[in-house]
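Read through the structure below, which is laid out as structure tokens, and then see the notes.
The values are calculated or read from the model by the stated rules, or taken from the named source; none is laboratory data. Bear in mind that the values here come from a model prediction, so they are computed numbers and not experimental data. Positions of Cβ are backbone-derived with ideal geometry, glycine not excepted, and every protein chain shown enters the neighbour counts. All accessible areas refer to the heavy atoms of the entire protein, side chains included, with ligands and DNA or RNA removed. Shrake-Rupley method; radii C 1.70, N 1.55, O 1.52, S 1.80 Å.
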Amino acid sequence: MPEAGVASTSRGLGRAVIFLGPPGAGKGTQTRKIAESYNVPHLSTGDMFREHVGRGTPLGQRAKPIMERGELVPDDLVLSMVEDRISRPDCGDGFILDGFPRTLPQAEKLDEILRRRFKSEPLVVHFVVDPNQLMRRLTGRRTCAIGGEIYNVYDHPPKVPGRCDRDGGELVQRPDDREEVIAERLAAYERQTRPLVDYYRGRGVLKDVDGMDAPAAVTKNVLELLAQK
Ligand code: AP5
């Protein structure tokens, strides 16, 4: 069920929407709300890898040590996983990508897939945040082990400590939300992912959103952007 204030529709997006921004920018928080509102799938490559790690698949076994170091998983592993997911029928009315693409080769491959599938450009929503806030956001993050709802022990705590407000699930800390790993993830973002901001801005498909606003205000601003033609 959508959250209060986030109306659900069955209108779809008709295109791919990419949420771009550093670790802790609020991509996951917003992806869940916006995907519910538009009734489209959200594809988080981080969640997909965490699921593989949890199931101990060969892909998960390769990704696990890389994620634990805060580095990016090699492009070929990411691309085959994403291409497979995008080709499923539920992505036909559009979808939201959270955490992908993260390198130029990933962006170029995605362009190729989208040209075939949608014949339209993606919309890239770029979350602009104060880098000084990211460490606090990430060390304070807790995630529901059942439904994936995202909390923050400092700024958005659950009503009952350690339990999800929605389904009572246990709130857990991601293994890569330790300070030294966060530092490497932020460095990887600057090195490998930030160049995508210019890549998409140069094509006129990128819109900035102030990620320092309160989460509900960010949701409202993203919904307004998506409603524009
Ligand atoms: P991934 O899972 O994608 O992690 P990430 O990009 O590091 O992003 P996060 O999930 O940490 O942050 P977020 O922006 O979603 O923030 P959130 O909404 O949770 O990737 C993990 C790893 O997988 C990578 O390091 C890599 O190894 C691998 N990987 C994944 N994709 C890959 C790819 N394409 N290529 C290669 N490798 C890949 O919010 C964070 C906190 O802030 C929460 O506590 C939340 O409550 C709080 N918060 C959110 N919004 C606000 C707000 N507006 N105001 C105040 N607090 C807020």
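With (1) modelled with pLDDT of 95 or more; (2) closer than 24 Å to V222 by Cα as the list, and T9 as the residue in question, which single condition is left unmet?
Of (1) modelled with pLDDT of 95 or more; (2) closer than 24 Å to V222 by Cα, only one is false for T9: (1).
Which of the numbered conditions does L226 fail, given that it passes all the others? Conditions: (1) without any contact (Cβ under 8 Å) to a residue 40 or more places away in the chain; (2) farther than 23 Å from A145 by Cα.
Failing condition for L226: (1).
Yes/no matrix, rows are residues, columns are (1) surrounded by 14 or more Cβ atoms within 10 Å (Cβ to Cβ); (2) within 20 Å of R142 (Cβ to Cβ):
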site	(1), (2)
D155	no, yes
L171	yes, yes
R174	yes, yes
E180	no, yes
A188	yes, no
Y199	yes, no
G202	no, no
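So, A25, is that one within 16 Å of the chain's Cα centre (by Cα), surrounded by 18 or more Cβ atoms within 10 Å (Cβ to Cβ) and near the ligand (Cβ under 6 Å from one of its atoms) or not?
yes
Please give the helices (runs of 4 or more DSSP H) falling wholly within the range 29-141 in which 1 or more residues are buried (at least 17 other Cβ atoms within 10 Å of the Cβ) and free of Cβ contacts under 8 Å to residues at least 40 places away in the same chain.
Ranges flagged: 45-55, 58-69, 75-86, 104-117.
Do we find a residue being in contact with a Phe, Trp or Tyr (Cβ under 7 Å, 6 or more places away or on another chain) and in contact (Cβ under 8 Å) with a residue 24 or more places away in the chain anywhere in the range 186-201?
no
For residues that are among the acidic types (D, E) and near the ligand (Cβ under 8 Å from one of its atoms), scanning just the range 66-124, find the one that is nearest to the chain's Cα centre (by Cα).
Among them, the one singled out is D98.
Consider the range 142-153. How many of its residues are open to solvent by less than 50 Å² (accessible area, probe 1.4 Å), more than 10 Å from the ligand (Cβ to nearest atom) and among the hydrophobic types (A, V, I, L, M, F, W, C)?
Going through the range 142-153 one residue at a time, the tally reaches 1.
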